[in-house]
Amino acid sequence: MFRSFTLAGAMALVLIAPAAQARVASEKVERASPDRILVTWSARGPVDVYVADRPDAPKETMQLVSDDDGDGRHELAADLISRPYFLLVDVTDGETVRVAERILPLTQGSNFRDVGGYRTSDGRTVRWGRIYRSGATPSLTEDDLRRVRDLGLTQMIDLRSNEERVLAPSRIEGVATTTVGYSIGAMALGRNGTTPDMEAIYRGFPDLLAPQMKILFASLLRNEGPVVYNCSAGQDRTGFATALILRALGVPVKTVMADYHLSTTYRQPQHEMPRLTPELIAANPGAAVFAQYQKDPKYLTPQPLRDSVGTGYLAYALDEIDLRWGSVAAYLQAEAGIGPAELSRLKAMYLE
């Protein structure tokens, strides 16, 4: 039987549920303006705020930018190229929490964001700066490319179909890229043969994307450096991949669903696919599908990822895994070769 996942306050800006007994909580970093960054948090007492340009920098090497800060916020200047990482230190008990911007501020990118910072059920935290998710990247500017290069990416797994990769080739170069060939037609269509049936599409993801998930998790296990994976919008196939990673690391389903729904906030559809001309449509069998979307007046406005009764589409993929494999862990073992030992290694690598 289908189990519906509920999401209270899905679009809330604060997505990281505080661990039990946590003093520093509700931490987040966002742009107050293109050249100003705002760090906010809640705490029972004053907090010292440190900053560095590395996600794993020890406190001793970080710059103290605010000490004994008791108002729960600190704003500072920051350019759009460098990516600052913050350490919040509770002055009372020394507890530390790392936090960074969720979204990479790209001028012509879409939905490129860090998967770090989410807390697991046992109170650990996904490391920042190690795993990234994104939409397609055919329109990145030179400054955008500099921002991406500064991430130090070592592997990119492109989840898109053959047709999508031809229509919107990535501008990211110098990063080892892996793809699995398939046609956009392999994704389920609706009962009338033209309108996508989102439940059917999502229930098809565990089979369709099994080869890509094997590659993605193998890359994570190699631990060679930061990894990014993407599809066109960075929300559906990419959302499925992110759910598997976060669940493998022990992040609760509620948090996984909250991260999934952030795509409605962070997508920039106009940068995901070039405007399709009649010539492109004639030459590429998959172009007609995307041309139909571009003709829709709602194309430039990301739509909520829910069906008519409010169920997040990702819940159908997770339910399909539970129905057929029993759990995400069982699916990963059967389809990606990720057993208990590998899960333990992943947690050691990507949690702190």
Rough spin-label spacing in nm, given labels placed 7 Å along Cα→Cβ, for Ile81 and Thr277: 3.4 nm
Which of Pro297, Ile215, Ser183, positive extreme of dipole for the chain (C-beta unit charges): Ser183
Listed residues Gly174, Gly234, Gly109, most fluctuating in the chain (Gaussian network, C-alpha, under 10 Å): Gly174
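In nm, what is the difference between 0.36 nm times the number of residues separating Arg324 and Gln303 and their Cα-Cα distance?
Details: separation 21, 0.36 × 21 = 7.56 nm, distance 2.93 nm.
Length difference between fully extended and current span is 4.6 nm.
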Cα-derived Rg to Rh of segment 264-350, Kirkwood definition: 1.15
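Filter the trypsin sites (Lys or Arg not before Pro) in segment 244-352 down to the DSSP loop ones having no more than 13 other Cβ atoms within 10 Å, then list what survives. Show your work: numbers first, answer last.
Working: sites: Arg247, Lys254, Arg267, Arg275, Lys295, Lys298, Arg306, Arg324, Arg345, Lys347; in loops: Arg267, Arg275, Lys298.
Here the trypsin sites (Lys or Arg not before Pro) that fit, given the DSSP loop and packing criteria, are Arg275, Lys298.
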Size of electric dipole in segment 42-115: Cβ of Lys, Arg +1 and of Asp, Glu -1, about Cα centre, debye, nearest 20: 400 debye
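Just to confirm, what accessible area per residue do you get for the chain at 1.4 Å probe, in whole Å²? Write down the numbers at each step before the final one.
Numbers: 15160 Å² over 352 residues.
Accessible area per residue, the chain: 43 Å².
What dipole magnitude, in Debye to the nearest 20, does segment 241-309 give about its Cα centre under +1 on Lys/Arg Cβ and -1 on Asp/Glu Cβ?
Values: 7 positive and 5 negative charges, 36 e Å.
Dipole magnitude for segment 241-309 comes out near 180 debye.
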Separation of alpha-carbon centers, segment 315-352 and segment 75-127, rounded to whole Å: 25 Å
Charge dipole (segment 77-194, unit charges on Cβ, about Cα centre) - positive-most of Val126, Leu104, Ala168: Ala168
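Considering all alpha-carbon pairs of segment 20-156, what whole percent are spaced by more than 20 angstrom? Kindly include the intermediate steps, with their values, before the conclusion.
Working: 4354 of 9316 pairs.
The proportion of pairs with Cα distances above 20 Å equals 47 percent.
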P(r), alpha carbons of the chain - 10 Å bins starting at zero, rounded %: 5, 24, 34, 25, 10, 2, 0
Carbon plus sulfur fraction of accessible area for the chain, probe 1.4 Å, in percent: 52 percent
Segment 203-292: chymotrypsin sites (Phe, Trp or Tyr not before Pro) in DSSP coil with no more than 12 other Cβ atoms inside 10 Å: none
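The values are calculated or read from the model by the stated rules, or taken from the named source; none is laboratory data. Everything numeric in this text was worked out from a predicted model, so none of it was measured. Cβ sites come from the backbone with ideal geometry, for glycine too, and all protein chains shown count toward neighbours. What goes into the accessible areas is simple: the full protein's heavy atoms, side chains included, and nothing from ligands, DNA or RNA. Shrake-Rupley method; radii C 1.70, N 1.55, O 1.52, S 1.80 Å.
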